[in-house]
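Colleague: Below: one structure in structure tokens.
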């Protein structure tokens, strides 16, 4: 079902390519004999195709070097290497641009830093420093789509350093403990601004003041347990055929009273209601919120309507989930977050979403249950709950992650997010920032000359936003439309997917308009933005451009034409982009489109073949659905 829906969307893109196609039904690749669990899974991968497929789930896109490295190390050692790799910091890049280069910083700085981390490679400050933490960054991106903050908030858009600091919280905790992550997210000024916990005062009935409920609601609904009680396998618990709710509105109200008395770290109790961001430096966005007891509702103050707070109630909840009066802001917050963290829903709710972001939209109940078990107990002698490193390891090494495309070919997989298609394209094609110069505006000098690892440019990196026009991506880090992300985890597009009881979250973003614009954008990126194209000396910024020359030798051995088919090019792209899963139909389609190109079409005929191959692959249904 999943494939058929994707084929219809992808067909639109193929038609827009305006290249000759073969009118035929796609052939199914035969199952690989002995490829499904016949050898020790952790000892793999046993071929380049399996390596590329694993990297599609665990990085921002396979490269030839990554595939070779994974084949050398095998899964277990590669994961350990990634767990131990130095974390790429968004703040480090932001501070370099702000303090060392002395440029005016903004959202563009945030985008550049994110792409540096996502694409990996040398650091622009010191090219000897190589960013290799692909898995950490991929998991952090997944977490950013669960713990959502967005620069579409008017105040956050003015303080990109606050967003960079927040993203580092996700990066630094990607392999840490979920309880620590939950607390650091809760106390981050960016989240405090976004969901109104920052500056949230205690109740004062005489003045008709009531705590804001925004964060209290979303920390439960979106960041931890969801709206209905779940079994360990992620299925809803039913009572009389109806889902059992996790909490009622009264619980949200009680949590809201707990989340009071926190504000900017440089405030004081006397200016609690008037304190704001540091408009000069934004420095108070880079420090966790501080507690102010006079403004916290601990249930003992006059004018309070909830002296004892009933939080989440479930079997094993400490004190039945009841928070007694008389605590401090810190102790009450700790009790509340522990109350959330120990809830039995957290494992299946968070685990399933991480599976969806990395591996497949519709994991089997058994897959979810296995991940829940690891979340609840990491298997160490200490029996740690919430160990995200072991959760990520279990997700990627689960038999369903490794063999699901063979066992459930009709339902396994996920639509690739537009932004991840872009990072994959750039990584696979050796993209670098190219052109640009050092130029001055208003007394400020901007430094883009000879900076291949500053990923800037109006057309590509900077143009990557929520707009579907120009970039054709409609997605950027920390730029979601709302706290519900770009798409919801249970979104099911109407038609075959919904009728089959499946979900396809990314289709909520993947509209017909996006398909058309992303096709045009892919055409421009694969042909018009190449490192080989001469720079305009008056071009200030430059742009991110690919290196087609790296594959020129694969495009043909002689003069092109049917007698010199680009089979090596197709094989290379089959591995890099499709993990070796290209169907015979698609292979023939590519040959039909590329074979006519020859030296008679100009000296750049090999580049023309590469351009056609990239456009057809990138806009195909076979590529868009990650298997």
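The values are calculated or read from the model by the stated rules, or taken from the named source; none is laboratory data. Keep in mind it's a predicted model, so treat the numbers as computed, not measured. Backbone-built Cβ (ideal geometry, glycine too); neighbour counts: all protein chains shown.
Colleague: Which condition does residue 584 not pass, out of (1) touching a helix residue (DSSP H, G or I) at 6+ places or on another chain (Cβ under 8 Å); (2) assigned by TED's automatic domain parsing to the domain that holds residue 604, if it passes all the others?
Modeller: (1)
Colleague: In addition: Determine which member of the set 246, 281 is surrounded by fewer than 19 Cβ atoms within 10 Å (Cβ to Cβ) and touching a helix residue (DSSP H, G or I) at 6+ places or on another chain (Cβ under 9 Å). Even if it seems obvious, please write down each step before you answer.
Modeller: Values: 246 fails: surrounded by fewer than 19 Cβ atoms within 10 Å (Cβ to Cβ).
That would be 281, the only listed residue that is surrounded by fewer than 19 Cβ atoms within 10 Å (Cβ to Cβ) and touching a helix residue (DSSP H, G or I) at 6+ places or on another chain (Cβ under 9 Å).
Colleague: Next question, about the same structure. Of the numbered conditions (1) under 20 Å from residue 110 (Cβ atoms); (2) touching a strand residue (DSSP E or B) at 6+ places or on another chain (Cβ under 6 Å); (3) part of a loop (DSSP other than H, G, I, E, B), residue 458 satisfies every one except a single condition; which is it?
Modeller: Residue 458 satisfies all of (1) under 20 Å from residue 110 (Cβ atoms); (2) touching a strand residue (DSSP E or B) at 6+ places or on another chain (Cβ under 6 Å); (3) part of a loop (DSSP other than H, G, I, E, B) except (2).
Colleague: Shifting gears a bit: When the residues of region 133-160 are filtered to those that are over 15 Å from the mean Cα position of the chain (by Cα) and buried (at least 22 other Cβ atoms within 10 Å of the Cβ), which remaining residue is nearest to residue 352 (Cα to Cα)?
Modeller: 151
Colleague: Quick one: which helices (runs of 4 or more DSSP H) lie wholly within region 310-427 and hold at least 2 residues that are more than 16 Å from residue 626 (Cα to Cα) and at pLDDT below 95?
Modeller: Helices (runs of 4 or more DSSP H) meeting the threshold: none at all.
Colleague: Which count do you get for residues in region 482-537 that are under 20 Å from residue 414 (Cα atoms) and part of a loop (DSSP other than H, G, I, E, B)?
Modeller: Going through region 482-537 one residue at a time, the tally reaches 20.
Colleague: Related question: Can you confirm whether region 565-579 contains a residue that is touching a strand residue (DSSP E or B) at 6+ places or on another chain (Cβ under 8 Å) and surrounded by fewer than 22 Cβ atoms within 10 Å (Cβ to Cβ)?
Modeller: no
Colleague: Can you pull out every residue in region 186-213 that is crowded, with 24+ Cβ neighbours inside 10 Å and under 18 Å from residue 339 (Cβ atoms)?
Modeller: The answer is 197, 211.
Colleague: Only one of these conditions is not met by residue 128: (1) over 17 Å from the mean Cα position of the chain (by Cα); (2) in contact (Cβ under 8 Å) with a residue 40 or more places away in the chain. Which number is it?
Modeller: Condition (2) is where residue 128 drops out.
Colleague: Another question about this same structure. Mind counting the residues in region 77-91 that are assigned to a helix (DSSP H, G or I) and in contact (Cβ under 8 Å) with a residue 60 or more places away in the chain?
Modeller: Residues that pass the stated criteria total 4.
The rows are residues; the columns are (1) more than 17 Å from residue 360 (Cα to Cα); (2) touching a helix residue (DSSP H, G or I) at 6+ places or on another chain (Cβ under 7 Å); (3) modelled with pLDDT under 95.
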| site | (1), (2), (3) |
| --- | --- |
| 501 | no, no, no |
| 507 | no, no, no |
| 510 | no, yes, yes |
| 530 | yes, yes, yes |
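Colleague: Answer yes if at least one residue in region 92-108 is without any contact (Cβ under 8 Å) to a residue 40 or more places away in the chain, crowded, with 22+ Cβ neighbours inside 10 Å and not in a loop (DSSP other than H, G, I, E, B), and no otherwise.
Modeller: yes
Colleague: Out of region 563-583, which residues are in contact (Cβ under 8 Å) with a residue 12 or more places away in the chain and assigned to a loop (DSSP other than H, G, I, E, B)?
Modeller: 564, 565, 566, 579, 580, 581, 582, 583
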